[in-house]
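A quick write-up on the structure given underneath.
The values are calculated or read from the model by the stated rules, or taken from the named source; none is laboratory data. Nothing here was measured: the structure is a model prediction, and the numbers come from that model. So basically every Cβ, Gly included, is an ideal-geometry build from the backbone, and we count neighbours across all protein chains shown. SASA here: full protein model, heavy atoms, side chains in, ligands and nucleic acids out. Shrake-Rupley method; radii C 1.70, N 1.55, O 1.52, S 1.80 Å.
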Amino acid sequence: MTWTPTAEDDRRFLSLAIAQAQKSWDEGGVPIGAVLVHDGQVLAAGHNQRVQKDSAILHGETDTIEKAGRLRASVYRESVLYTTLSPCIMCSGTALLYEIPRIVVGENRTFEMAEDLLRERGVVVDVLDDPNCIALMERMIAERPEIWSEDIGVETGELGASAAYMGAIASDHILARNLSIVGSIGVYYQHVDAGKLFDTIGIDLDKVASGPLKSEPDFDEPITPQIRVALEGLVDSSFQYFIDLVAERRGMNDQQIQAIIDGRILSGTMALEAGLIDATGGEREAIQWLAAERDVDPDLPVIDVWPLQTGPSWLDFILSRALGDIGTGLPLDGLVSLWHPHGP
């Protein structure tokens, strides 16, 4: 790049992106804005228009790049993209495609997905942690959560519910991003009676069991009263264990516990207020805490551990074909978490 923006330049151009985000909010959309700058001149400014134009791809960054029109490759390679929110995979991929060398991010507290990818590919990513950008997104999640959940706010890597939280409370310090899904403190059992479907497609299930409650209820029959009583005992016992675990590990009294055990899910900020987590943040903040409180070398490599991927059962295969692949996820198997990451 022949032009080197100053800190004042960064603030000035980010303010233009914030104005675009505010414009989108005023239009009833997602408050994310961006500007593309070359040699100190704004080439284009845009904002998220998923709601306004019923678009699946017009995020703040992609709308801006589209508005810039066809440019020489050398122009992209000497430009800076300013955006109010850390870019998603799609927007990051667009920046990589056009070899934009630097991205200035307003904030990444409420969402962060692809900054490591960008840096690995040589892109300079500077996060300004701007309070105006944070306030816009927090207001949106509070007032229009249904729109955010359609966009990029809820993704598997941000979900730590039920048994995932049960695992997290074994640690000394819990962090979650502001919009992570935390909780619920609860247990449930879900059953699908596919008997009519099996009759339609000509499948008959049969078995030999050691007792009347072994492997019940089956997929081709409803829950009987006897089976329901047994399952309710399982759920109640597991729930009480979960409650006791949270109370012990988080130092909560009965009044505090009763306020959060109705099955509700919480955002990261709500979980912080409720005492379920210790701070908001991500990997960076976790490393900082370990270095400050446990004298851990902050340069130690971080190893991501993913659950083993298992293939679908014969029943998953049949149901997915019979239902036209309406549901692509596998059913929960026992007391497992709702946290199903995509994989490494």
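Only one residue of Ile287, Leu276, Ser237 has its Cα farthest out toward the positive end of the dipole of segment 218-306, where Lys and Arg carry +1 and Asp and Glu -1 on Cβ, and that residue is Leu276. Residue ranges 131-143, 214-226, 102-114 sort as 102-114, 131-143, 214-226 when ordered by packing (mean number of other C-beta atoms within 10 Å per residue, highest first). Dipole size of segment 213-260 about its Cα centre, with +1 on Lys/Arg Cβ and -1 on Asp/Glu Cβ: approximately 240 debye, rounded to the nearest 20. Calculate log10 I(q)/I(0) of segment 76-141 for q = 0.17, 0.22, 0.23, 0.29 Å⁻¹, where I(q) comes from the Debye formula with a single equal point scatterer on each Cα and nothing for solvent. Relative scattering, expressed as log10 I(q)/I(0), comes to -0.54, -0.84, -0.91, -1.27. The base-10 log of I(q)/I(0) for segment 24-105, evaluated at q = 0.18, 0.20 Å⁻¹, reads -0.66, -0.81 [Debye formula, identical scatterers on Cα atoms, solvent excluded].
Heavy atoms of the protein chains alone define the surface here; on that basis segment 1-149 has 45 Å² accessible area per residue at 1.4 Å probe size. Distant-in-sequence amide contacts of Asp130, defined by a placed amide H-H separation under 5 Å and a gap of 5 or more residues or a different chain, comprise Glu107. Cα centroid separation, segment 56-123 to segment 184-246: 48 Å.
Of the Cα atoms belonging to segment 132-282, the radius of gyration and Dmax stand at 20.0, 64 Å. Using the Karplus relation 6.51 cos²θ - 1.76 cosθ + 1.60 with θ = phi - 60°, the per-residue 3J(HN,Hα) values for segment 173-182 come to 8, 10, 10, 8, 6, 3, 10, 5, 8, 10 Hz, with x marking Gly and Pro. DSSP beta bridges confined to segment 22-149 are antiparallel in about 55 percent of cases. Once you keep just the Cα pairs under 8 angstrom separated by 6 or more residues, what percentage relative contact order results for segment 119-270? It comes to 30 percent, rounded to a whole number. Carbon and sulfur: what percent of segment 1-151's accessible surface (1.4 Å probe)? Reported share for carbon and sulfur atoms: 48 percent.
Going by amide H atoms built from the backbone, whose H comes under 5 Å of the H on Arg102, apart from near neighbours? Close amide H contacts, sequence-distant or interchain: Leu81, Val124. Hydrodynamic estimate: the Kirkwood radius of segment 159-246 over Cα pairs, inserted into Stokes-Einstein at 20 °C and 1.002 mPa s, corresponds to D of 134 µm²/s. Counting every alpha-carbon pair across segment 9-53, the share separated by more than 16 Å comes to 34%.
Converting phi to 3J(HN,Hα) with the Karplus coefficients 6.51, -1.76 and 1.60 and the offset θ = phi - 60°, segment 248-264 yields 5, 6, 9, x, 9, 8, 4, 5, 5, 5, 4, 6, 10, 10, 8, x, 5 Hz in sequence order, with x at every glycine or proline.
Roughly how many percent of the accessible protein surface of segment 158-237 is carbon and sulfur, given a 1.4 Å probe and a whole-percent answer? Percent of accessible area from carbon and sulfur atoms in segment 158-237: 54.
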